[in-house]
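For reference, the structure discussed in these notes is given below.
The values are calculated or read from the model by the stated rules, or taken from the named source; none is laboratory data. For clarity, every value in this text was computed on a predicted model and none was experimentally measured. Cβ coordinates were reconstructed from backbone atoms using ideal geometry, including for glycine residues, and neighbour counts include every protein chain displayed. Only protein heavy atoms, including side chains, enter the accessible area calculation; ligands, DNA and RNA are left aside. Shrake-Rupley method; radii C 1.70, N 1.55, O 1.52, S 1.80 Å.
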Amino acid sequence: MSDAYDVVVIGGGPGGYVCAIRCAQLGFRTACVESRKTLGGTCLNVGCIPSKSLLNLSENYIKAKKFSSIGIETGKVALNLSQMMKIKEKSVTVLTKGVEFLLKKNKVDYIKGKASLKSNTEIIVEKNKSKKVYAAKNIVISTGSLPTSLPGMQIDEKNIVSSTGALSFNQVPKKLIIIGGGYIGLEMGSVWKRLGSDVTIIEFLDHIITGADVEISKEFLKILTKQGIIFKLNSIVTAANVIKNKVVVDFRHNKTAERTRVKTDKVLIAVGRRPNTEGLNLKEISIKNDSKGKIQVNKKFMTSIKNIYAIGDVIDGPMLAHKAEEEGIAVAEIIAGQSGHVNYEAIPGVIYTSPEVASVGKTEEALKKENIKYKIGKFPFMANPRAKVINETEGFVKILANEETDKILGVHMIGPHVGDLIAEISLAIEFGASSEDIARTCHAHPTYSEAVKEAALSVDKRPIHS
């Protein structure tokens, strides 16, 4: 055995590299194994970062087309998709190289190759048909997730694509059908709608954003429809076939059974993701999975083998980069004998459309189901001074607080920059704050954050500006 480590982390995505860095900070000899050409996992390479780059660039394109309405005279605004893609790729390169630098700075060994488990203390890493065995006292599995397809539909990343293909179209598709009305489908739909596609989203349920607060979901649907995205709700796609470089899509309505056939240029399948655990030899060394293929872990992220841990998308919970990061830090500290933990009630979710959607904690529907008495405070961005002067007035902030204790139970927002505003609420939930705590906290004027304060005041029916 040529190399021995205290900790080997399999996977260099947000959960994996963060875990590796924290392990090294705690004094462990640490290695991080990654099969991609670059670090950063799905998030940095083909997920969070490139999608947010295109969301920003496409939003700027739309704003530039409307400059004359705000007194800025320019020439004809034209789309240069090739240049836009280069900017996106540059963002990815800078950040993935940055992660490599961070590993080096923290003295984490970066091992390139495909890892599999030989035993509970041995990892085989294969690269260019050669194999090398590494020993580890502790192993952390953080291999992320892969796009899920639908029965009988083959993702070719050319005509029928996953989010990876949808980030790299070399020309704007005239027509784009998206299967799935979740985070990925709505963000990608927004990008290509802004750049000129006719976008139709087909969703199996009668609403978008599964698990979201219903009031937010309805408002978001209304806004996106106003932006020109077409929605086919309560519908199931039964087939998608490529014929002469076009895709023929068949779907039917769940209630009426009405069948529809449409022809489109591209189809994006955005129906979810699955754990990326193939080839790890989990079964051979008796690591248990659940019915969905996720690795079973206890509260300390320990698998059925006590020195092997798992975090991120391969275990239960929302498939979010920041959730994986928190788990990575917690695992490192647990291995060191500390009390690492993750408060899952304080993990926010954000959709980076325009307007943005953000939430943390329980929805109103969940509180009803759990028979928890609550009170509501709401404040519209229409009444927020900063939003009004910048003409970003769609949406509102909604705070749910315990009826007896006033403790914040959940907050749901749709509006400008709410992806940043939600951090205040995550902190409030982490510290067990009440709506009164937020209402009594001075917020700078004029800022979008004043909408949060006003919503908190509204919980006690004393808002000032509405």
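Couple of notes before you dig in:
- Inter-label distance for GLN171 and LYS300, nm, one decimal - labels placed 7 Å from Cα along Cα-to-Cβ: 5.9 nm
- Tensor-based shape of region 64-223 (alpha-carbon gyration tensor, a/c under 1.5 rounded, otherwise prolate or oblate): prolate
- Scalar couplings 3J(HN,Hα) for region 434-444, obtained by applying the Karplus form with A = 6.51, B = -1.76, C = 1.60 to θ = phi - 60°, are 9, 5, 4, 4, 6, 4, 8, 8, 6, 10, 4 Hz; x denotes Gly and Pro.
- 5 angstrom amide H check on TYR5, placed H, neighbours 5+ away: ALA135, ALA136, LYS137
- Label-reachable residues, region 1-42, where backbone N falls under 16 Å from a point 7 Å from ASN128's Cα toward its Cβ: 35-38
- Relative to the Cα centre, the charge distribution of the chain, modelled as +1 at Lys and Arg Cβ and -1 at Asp and Glu Cβ, gives a dipole magnitude of about 1620 debye.
- When only Cα pairs below 8 angstrom with a gap of at least 6 residues are kept, the chain shows a relative contact order of 14 percent.
- FRET efficiency estimate (nearest 0.05) - Cβ-Cβ, ASP460 to PHE67, R0 51 angstrom: 0.75
- Over 43 Å [Cα-Cα, the chain], rounded percent: 19 percent
- For region 237-330, the set of trypsin sites (Lys or Arg not before Pro) satisfying both a DSSP loop assignment and a count of at most 11 other C-beta atoms within 10 Å is given as LYS244, LYS255, LYS283, LYS292, LYS299, LYS306.
- Accessible area of HIS417 in the full protein assembly, 1.4 Å probe (Å², nearest 10): 90 Å²
- Region 205-221 versus region 257-309: alpha-carbon centroid distance in Å: 25 Å
- Extension gain, ASN80 back to ILE230 (0.36 nm per residue minus Cα-Cα distance, nm): 51.5 nm
- Here the spin labels are modelled as points 7 Å beyond Cα on the Cα-Cβ line, and at GLU403 and THR447 they lie 3.4 nm apart.
- In sequence order, region 139-156 has phi-based couplings of 10, 10, 8, 9, 8, x, 9, 10, x, 9, 9, 10, x, x, 10, 9, 6, 10 Hz under the Karplus curve 6.51 cos²θ - 1.76 cosθ + 1.60, θ = phi - 60°, and Gly or Pro positions carry x.
- Close amide H contacts of GLU356 (hydrogens built in the peptide plane, cut-off under 5 Å, sequence separation of 5 or more or a different chain): GLY415, HIS417, VAL418.
- Cα-projected label distance for ASN245 with ALA366, points at 7 Å along beta-carbon direction, nm: 4.7 nm
- Amide H contacts under 5 Å for THR238, placed H, 5+ residues apart: ASP250, PHE251, ARG252
- Over all orientations, region 7-140 has a Cα convex hull whose mean projected area works out to 10.5 square nanometres.
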